[in-house]
Structure formats: C-alpha cells, structure tokens
Amino acid sequence: MQKAPINWTNTLLFTLTPLFALTLVPYYGLSHGYDAYEWGVFILLMGFCGMSITAGYHRLWSHKAYKAHALIRFFFALGGACALQNDVLHWASDHRRHHAHVDNNDKDPYSAGRGFWFSHMGWILRDYESGKEDFSNVKDLQRDPIVRWQHRHYLTLVLLMNIALPALLGYLHGDIIATVLLGGLLRLVLSQHVTWLINSIAHMWGRQTYSDASSARDNPLLALVTYGEGYHNYHHTFQWDYRNGIKWWHYDPTKWFIRSCAFLGLASELKRCSPVVIESARLDMQYRHATEKYASLHNAEKWLQRLDTEYQQLKSSLQVWAQHQQSWYEAKSSELHEKWSHWERLQLRDSYREARYSLKLQRQRWHALLANFSSIAATSPA
Ligand SMILES: [Zn+2]
Ligand SMILES: [Zn+2]
C-alpha cells in the first residue's frame with residue numbers, strides 16, 4: 001500500500017526540536033549552568049501550556065464541559081500557541097473526530113489501533129487521509145471571536161510565545177540563551193510529548209473501569225504528568241464531564257483549575273455526570289468481569305445465579321436511592337419548600353436515609369462477593 005506523503009514542516013519541526021533539546025540543553029547546562037529563575041520560567045511555561053491544552057483546547061473547546069470568560073479563553077489561546085499544538089480549530093476538530101470514531105483506523109486521526117508510534121506522534125508526520133482538515137464538526141467554535149482571532153494570527157502567536165516571550169524573560173534576567181533553552185526549547189518538547197502520551201499510553205495501559213467499548217484506559221500514573229488527563233477511560237465514557245478524575249483524591253489539577261475559575265466567576269455551567277450513571281457503568285463492567293471469572297468454576301451455575309441476583313438488587317437499590325435523593329433535595333430546597341408540610345418533609349428525609357443505608361449494605365455485599373472469588377476458586381475442584 002502506498003504510504004501517505006511526508007509532511008516536511010512537521011517532520012523537521014518535531015524531529016529537530018527534540019534533537020536540539022537533547023543536545024543543546026545539557027551542553028549549556030554543563031558549560032554555563034542554569035539558575036532557579038530559569039527553571040522557574042520553565043515550570044511556569046510548562047503549566048501555562050499544559051493547562052491551556054487540557055482545560056482550554058480539550059475540556060472547554062473540544063467538549064464544551066463548561067463555559068469560560070473571555071479573559072480565560074484569551075489565556076488558553078496564547079498558551080495553546082505556546083504549546084505549538086496547532087490552533088484551537090484544528091485541535092478540537094481532530095479531537096472530536098477521535099471521540100466519534102475512536103479506534104477506527106480510517107477515521108480516528110490518532111487511532112491507537114495503528115500502534116504506539118502512530119498514535120503518539122506518527123500521525124502528525126505524514127498527511128494521512130484520517131487527519132485531513134475538515135472543520136464541519138467545529139462550526140460552533142468558529143463563532144467564538146477568540147478562536148477566530150487565534151486561527152488568523154496563529155503563526156505570529158507561535159513565534160511570539162515560543163521565542164519572543166522566553167527571550168524577553170531572559171533579557172530581563174540577564175541570560176537570554178539559558179531562558180530560551182529551558183523556557184522555550186525544553187518546555188516545548190516536553191509539553192508536546194506529555195500531551196501525546198494521552199493518545200498513545202492512555203489507550204494502551206491501564207484499567208477499563210467504566211467501559212470497554214474503546215481502547216481508552218484509566219491510568220493514575222499518567223494523570224501525574226498530564227495535569228489529570230490520565231483517567232482516560234472515564235473521559236471517553238463521559239466526555240462532557242469537566243472532570244477526568246472524579247474522586248477528590250484523584251490527581252486532576254485541570255479540574256481544580258476549572259473549579260477555581262468558577263469560584264472567581266470566570267467559569268460557569270460546569271457539567272458533571274450523575275453519580276448513579278457513573279456507578280451503574282462501573283457496576284456493569286464489574287459484573288461482566290466477575291461473570292467471566294465465575295464461569296470457570298465447576299459449580300458455576302450456582303455462583304452465576306448469585307452474582308446476577310446481587311447485581312440486579314444493587315442496580316435497583318441505586319435507582320431507588322437516586323429517586324429518594326432527588327425528592328429529599330427538592331423538599332429541602334428553599335424555592336420548593338412550601339410544597340410540603342413539615343411531616344411530609346420528615347418522611348422524605350427518612351425514606352432517603354433508609355435508601356442510602358440499604359444501598360450501603362448492598363454495596364458491601366457486592367464487594368464481598370467480588371472479593372470472595374479467589375477463596376472460592378482455591379477450594380473449587382477444576
Ligand atoms: Zn477528549
Ligand atoms: Zn482518547
């Protein structure tokens with residue numbers, strides 16, 4: 001089969017910059033050294049690029065997971081140009097296609113089905129049919145004046161942010177070369193590869209906690225270097241949620257950044273998936289995995305029956321809890337308060353508490369049943 005033509009601009013850019021970073025950065029470090037200011041610029045610009053891509057290009061523009069003030073969108077437009085990952089329109093258009101046709105080697109621009117190298121950066125180096133420019137899926141973004149402005153002045157912004165800004169910061173400090181090497185070159189190469197890891201590793205290594213409909217995986221280790229984007233199985237299952245790590249202990253600085261913006265009045269309409277839907281998806285995956293495991297036992301039928309009963313009961317407990325929770329919240333809310341008498345409100349509160357307690361017990365039984373498999377398997381004759 002004929003190979004796609006090489007995109008020389010990208011190929012030169014994305015092979016020469018890492019080459020220079022790997023040679024010039026250590027050479028200058030050994031011969032002149034870097035100080036705290038220069039490392040500070042590096043860290044600041046890493047965060048600026050990273051956050052602009054994850055909170056801006058990704059969660060805001062590609063997925064519309066929340067709304068952001070023009071000031072924040074302007075900040076993301078500059079940071080995205082600094083990250084040199086193309087303009088918002090190209091990035092979001094590719095990314096929406098990635099979600100719509102995930103793992104389809106002909107339509108997903110960075111399909112993991114074509115291997116690690118292709119999904120990581122190979123897709124950028126050649127003009128593949130799957131990566132053809134088509135803005136028909138980003139018409140909504142073309143209405144955003146900041147997106148249009150960034151699209152028009154992309155090249156100027158790239159040069160300003162990648163060369164002029166680090167050079168100016170270096171000039172103010174008295175060492176232009178060192179600041180450009182760390183804040184310009186090294187930062188550029190690292191911030192790009194970090195983003196690309198989400199297209200490669202996050203589709204290969206990790207758990208399929210919520211769905212196995214795509215190759216996307218939850219990988220908490222990857223979240224540490226990708227500003228929280230490592231929870232990629234969750235993200236592909238509930239793509240419009242502004243969070244990727246949904247538990248408070250999940251390392252997701254992008255989520256914290258968005259929430260801080262909302263606190264300051266600079267972001268609004270943060271979308272979250274309902275806990276019942278999330279737990280239901282996770283439960284379905286657990287049930288399927290457990291069914292496969294229990295089916296290997298000699299008395300499988302008995303265990304499969306038990307598994308099915310507990311699964312159905314837990315599902316219905318979840319629904320009941322969600323309904324009661326809804327009624328109790330409505331009764332509590334100040335606007336609807338008058339609709340119920342004091343006695344009715346007490347009843348709603350108690351029904352909600354009972355449903356919550358029953359769900360807690362049901363969950364404990366379910367987890368015990370899942371954990372029990374190894375001990376049953378050990379005593380069960382093959
Ligand atoms: Zn996405
Ligand atoms: Zn993905």
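Computed from the coordinates by the stated procedures, all read-outs in this text should not be read as laboratory data. The shown structure was predicted, so the numbers you read here are calculated from the model rather than taken from an experiment. As a convention, Cβ positions derive from the backbone with ideal geometry for all residues, glycine included, and neighbour counts pool all protein chains shown.
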Within 13 Å, Cβ to Cβ, of SER130, how many net charges do the neighbouring residues add up to if Lys/Arg are +1 and Asp/Glu are -1?
-3
In the neighbourhood of TYR210 defined by beta carbon distances under 15 Å, the net charge of the other residues (Lys, Arg +1; Asp, Glu -1) is +2
Length gained when the stretch ALA300-THR15 is fully extended (0.36 nm per residue, less Cα-Cα span):
97.1 nm
Positive minus negative residues near ILE146 (Lys, Arg vs Asp, Glu; Cβ under 15 Å):
+3
LEU224 and GLN319 label points (each 7 Å along its Cα→Cβ direction) are spaced in nm at 4.2 nm
Compute the longest continuous run of the chain that contains no exposed trypsin sites (Lys or Arg not before Pro); treat a site as exposed when its DSSP state is not H, G, I, E or B and it has at most 12 other Cβ atoms within 10 Å.
248-382
Angle, helix 342-379 long axis vs. longest principal axis of the chain, Cα atoms, 0 to 90°, nearest 10?
80 degrees
Assuming R0 = 41 Å, can you tell me the calculated FRET efficiency for the pair ARG288 and SER341, based on Cβ-Cβ distance, to the nearest 0.05?
0.35
Using a Förster radius of 51 Å, what is the FRET efficiency between ARG349 and GLU133 based on their Cβ-Cβ separation? Nearest 0.05, please.
0.35
Full-extension gain in nm, HIS367 to TYR27, via 0.36 nm per residue minus C-alpha separation:
116.9 nm
Distance between modelled label sites at TYR171 and SER374, nm, 7 Å Cα→Cβ extension:
6.3 nm
Compute the helix-to-body angle for 70-83: its Cα long axis versus the longest principal axis of the chain, expressed 0 to 90° and rounded to tens.
60 degrees
Report the FRET efficiency, 1/(1 + (r/R0)^6), for TRP256 and ARG152, where r is their Cβ-Cβ distance and R0 is 35 Å, rounded to 0.05.
0.60
Report the label-to-label distance for TYR357 and ASN105 in nanometres (one decimal), using points 7 Å from each Cα along the Cα→Cβ vector.
5.7 nm
Based on Cβ point charges of +1 for Lys and Arg and -1 for Asp and Glu, what charge dipole magnitude is obtained for the chain about its Cα centre, in debye rounded to the nearest 20?
700 debye
For segment 105-173, with only Lys/Arg (+1) and Asp/Glu (-1) charged at the beta-carbon, what is the dipole magnitude about the Cα centre, in debye rounded to 20?
160 debye
Against the longest principal axis of the chain, how steep is helix 300-332, in degrees 0 to 90 to the nearest 10, with axes from Cα atoms?
80 degrees
